[in-house]
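A short reminder: the numbers here are calculations on the coordinates, not readings from a lab. What you see is a predicted model; the values in this text were computed from it and never measured. Heads up, the Cβs are rebuilt from the backbone with ideal geometry, glycines too, and the neighbour counts pull from every protein chain shown.
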Amino acid sequence: MLKQSSSDPNLNNTVTTPCIISLVVLNYAKLRILEFYYDFMARYVYRKDFQYVTMDTDSGYMSLSAPLEKIIRPELCLEYFQNYGSWLPKLFCQQHKDAFIKTRMQSKESKMEKCCEAQLKFDKNSPGLFKTEFVGDGIIALNSKTYFCWGSIGQTKLSSNGLSKTQNDLRKDLECTILKPLIVSSLCH
Ligand SMILES: [Zn+2]
């Protein structure tokens with residue numbers, strides 16, 4: 001723990017989070033998100049098929065030219081499925097890994113047994129694996145933590161960190177009503 005002292009009584013604080021742990025967790029998170037970009041996306045997908053829109057400490061938003069498995073480089077397809085569980089929540093248990101790889105290499109959907117479903121559930125709560133946060137048709141991202149995504153059936157996701165929701169009309173009417181106040185507010189951060 002870090003104890004900060006000062007002649008100003010308002011600044012006498014005891015920081016209860018061990019700062020070295022916070023620093024390590026933050027740095028590992030940032031390292032992992034960069035690994036995902038360079039060792040996963042840039043390796044397995046042609047650059048023409050994906051474009052990052054925004055990246056944060058523990059998440060990234062990107063546009064894909066097709067669903068991920070359809071744009072994996074054909075020559076690296078086997079390696080992609082072999083390493084699948086190192087990056088994404090596994091759709092298979094250890095026992096069914098080979099069957100999963102074989103089925104997906106034939107571009108077929110693999111059947112999930114109860115044991116595989118349990119593995120997937122566990123992996124969805126495991127740190128270091130990349131889960132799908134939102135899938136949609138478009139995104140306006142002005143800077144990290146300030147974006148608006150929308151999907152085809154009306155679902156949306158908004159992050160407006162640092163912006164006052166009472167002063168900004170952050171509604172669904174995209175092109176003008178949202179973008180305009182966001183730009184103004186973002187410049188005033
Ligand atoms: Zn299984």
Legend entry - Sequence-distant residues sharing a close amide H with Arg73 (under 5 Å, placed H): Val45, Tyr46
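GluC sites (Glu not before Pro), restricted to region 51-132: which are DSSP loop and have at most 16 other Cβ atoms within 10 Å?
On the way: sites: Glu69, Glu75, Glu79, Glu109, Glu113, Glu117; in loops: Glu109, Glu113.
Of the GluC sites (Glu not before Pro), the ones in loops of region 51-132 whose Cβ has at most 16 other Cβ atoms within 10 Å are Glu109, Glu113.
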Inset, instruction - For region 118-131, just list the computed ³J(HN,Hα) in residue order, Karplus coefficients 6.51, -1.76 and 1.60, θ = phi - 60°, integers in Hz, with x standing in for Gly and Pro. - result: 5, 5, 4, 4, 5, 5, 5, 10, 9, x, x, 9, 9, 9
Legend entry - Amide H contacts of Thr54 (H built 1.01 Å from N, under 5 Å, at least 5 apart or other chain): Tyr61
Inset, instruction - Output ³J(HN,Hα) for region 72-83: one whole-Hz value per residue in order, computed from phi by the Karplus curve 6.51 cos²θ - 1.76 cosθ + 1.60 with θ = phi - 60°, and x for Gly and Pro. - result: 5, 4, x, 6, 10, 4, 4, 4, 4, 6, 5, 9
Legend entry - Under the Karplus curve 6.51 cos²θ - 1.76 cosθ + 1.60, θ = phi - 60°, whole-Hz ³J(HN,Hα) for region 18-27, x wherever Gly or Pro sits: x, 5, 5, 5, 4, 5, 5, 4, 4, 5
Legend entry - Selection of chymotrypsin sites (Phe, Trp or Tyr not before Pro), region 41-129, meeting DSSP coil and at most 15 other Cβ within 10 Å: Tyr46
Legend entry - Those trypsin sites (Lys or Arg not before Pro) in region 75-118 that DSSP places in a loop and that have at most 14 other beta carbons within 10 Å: Lys108, Lys111
